[in-house]
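Written below as structure tokens is the structure these notes are about.
The values are calculated or read from the model by the stated rules, or taken from the named source; none is laboratory data. Everything quoted here is computed from the prediction, not taken from an experiment. FYI the Cβ positions are ideal-geometry reconstructions off the backbone, even for glycines, and counts take in every protein chain you see. Areas reflect the complete protein model, heavy atoms only, side chains present, ligands, DNA and RNA absent. Shrake-Rupley method; radii C 1.70, N 1.55, O 1.52, S 1.80 Å.
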Amino acid sequence: MTILLINIKELLQVRDSSVSKVCGRDMAVLPSIKNAYLVIKDDLIADYGEMHNIPSLSVDSTIDVQGKIVLPTWCDSHTHIVYAGDRSQEFVDRINGLSYEEIASRGGGILNSAQKLNETTEDKIYEESKLRLEEIMRLGTGAVEIKSGYGLTVEGELKMLRIIKRLSKNYPISIKATFLGAHAFPLKYQNDHQGYIDLLIKEILPEIHRNKLADYIDVFCETGYFSVAETEQIIKAGAQFGLKAKIHVNQFNSIGGVQVGVYNHALSVDHLEMMQKEDIEILKNSITMPVALPSCSYFLSIPYTPARAMIDAGLPLALATDFNPGSTPSGNMNFVVATACIKMKMTPEEAINAATINGAYAMGLSASHGSITIGKKASLIITKPITSFYQLPYAFGSNLIETVLINGKIIS
Ligand code: NIG
Ligand code: FE
């Protein structure tokens, strides 16, 4: 099946296959071709160029996208979209004055979601989660990472990972699975941290390995959750099973999570709302991608990741949603890109780089996703007719996407 797109007003994020991420000043550059064509062969990008160089081809269908912009689908490298029920009551409790941390210390928060998850059948959670996956695909996401972390028991964690695997089998969107058993200490282990860590390492990890249920390992490294030493113990155990780390750090406090991530060659360190100079320094020249989650800052009214200071220091930055029932009940990458521009002072070019190629890097998918490159997946956003790509963040809240293609197929 060959599809030809013609008269593309601007084809964004056109890159050579050698580019796996962009850092610092390079983030301000978004390579593009104006008045372009693009050829899709089956699930891959086969060719592209300027309209006046279009080759003569026999194709199955031609789509004229006059006035519209084409870009790679969003790469959302941090989500928790498998969960049961919701936490809208906690949302109202926060409006009435309680903080996220106060709600958690009363047994709400992650433990509340864990209780719901363990009381709900695997099929029911699958049905609830697939609606969220379908929604984000329609919103232009073509690759996503999904975490466990609302089980906090052997059975609950494995159940979540099996659901992620089932989603990945049944949907064209590319999915990476992350084991986040270290999301919170269950009540019965509040005074026996090592007991719970042993359960994660000795019981759950070997089972995950046996059934190939995860690609990455995550820990919520934060005051009141997992300490830096506990985080290190868990990610080193994950490494023994071939799982690279992608960790939650510096959401509320800078306690050394970034350092432990970098020293242990984490693929990404995520959240980063509270960054000190040392945290920025240690990330320089590392292989670890910093990931910002502006919808979480928006929803919880906490500081935004200091993107300007980080990019100006030469770092790369990725953007993701953090879609979860507690801190970010939204999987809209368009809102993330707009909020990064509006609140974090990223330029549209920087935000789009962060939400595509750098997001792909942050989940180990930059060889197949994140740019318009021959041989990468034909996962594309076709916008409505717009004046320029600046409109994507500028007209925040409007849906400017007309069509989404994932692996060469139109998503309706
Ligand atoms: O990334 N911070 C830790 N985990 C999630 C929120 C979890 C929850 O509240 O359910 C996050 O924000
Ligand atoms: Fe998260």
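Things worth noting here:
- Above-threshold pairs, the threshold being 25 Å between Cα atoms, out of 176/376; 124/409; 159/376; 147/202: 124/409; 159/376
- Distance-filtered residues of the range 319-345 - backbone nitrogen under 11 Å, label point 7 angstrom along residue 101 Cα→Cβ: none
- Couplings 3J(HN,Hα) for the range 121-135, derived from phi with the Karplus relation 6.51 cos²θ - 1.76 cosθ + 1.60 (θ = phi - 60°), are 6, 4, 5, 5, 5, 4, 4, 5, 6, 5, 5, 5, 5, 4, 5 Hz, where x marks Gly and Pro.
- A straight line joining the Cα centroids of the range 185-255 and the range 53-124 runs 22 Å.
- A 1.4 Å probe run over the range 353-399, with the rest of the protein chains in place, finds 33 Å² accessible per residue.
- Computed 3J(HN,Hα) for the range 34-48, one whole-Hz value per residue from the Karplus formula 6.51 cos²θ - 1.76 cosθ + 1.60 where θ = phi - 60°, is 8, 6, 10, 10, 8, 10, 10, 10, 6, 9, 10, 7, 9, 6, 6, glycine and proline marked x.
- The Cα atoms of the chain define a convex hull whose projected area, averaged across directions, is 18.7 nm².
- Taking Cα atoms only, the orientation of helix 228-240 departs from the longest principal axis of the chain by about 60 degrees.
- When the solvent-accessible area of the range 286-412 is split by element, carbon and sulfur atoms take up 59 percent of it, the probe being 1.4 Å.
- Listed by chain and number, the lysines whose C-alpha is less than 20 Å from the C-alpha of residue 9, apart from same-chain residues fewer than 8 away, are 34, 68, 384.
- Angle in degrees between helix 154-170 and the longest Cα principal axis of the chain, rounded to the nearest 10: 10 degrees
- Entry note, the chain: the mean residue ellipticity at 222 nm calculated from DSSP H runs of n ≥ 4, each adding -39500 (n - 2.57), is -9500 deg cm²/dmol after division by the residues and rounding to the nearest 500.
- Cleavage-rule hits (trypsin sites (Lys or Arg not before Pro)) in the range 159-260: DSSP loop, at most 12 neighbouring Cβ within 10 angstrom: 212
- Net charge, residue 204 excluded, C-beta distance under 12 Å - Lys, Arg +1, Asp, Glu -1: -2
- Karplus-based coupling profile of the range 387-395, in residue order and whole Hz: 6, 7, 5, 4, 5, 4, x, 5, 8, with θ = phi - 60° in 6.51 cos²θ - 1.76 cosθ + 1.60 and x standing for Gly or Pro.
- Share of carbon and sulfur in the accessible heavy-atom surface of the range 131-240 [1.4 Å probe, %]: 51 percent
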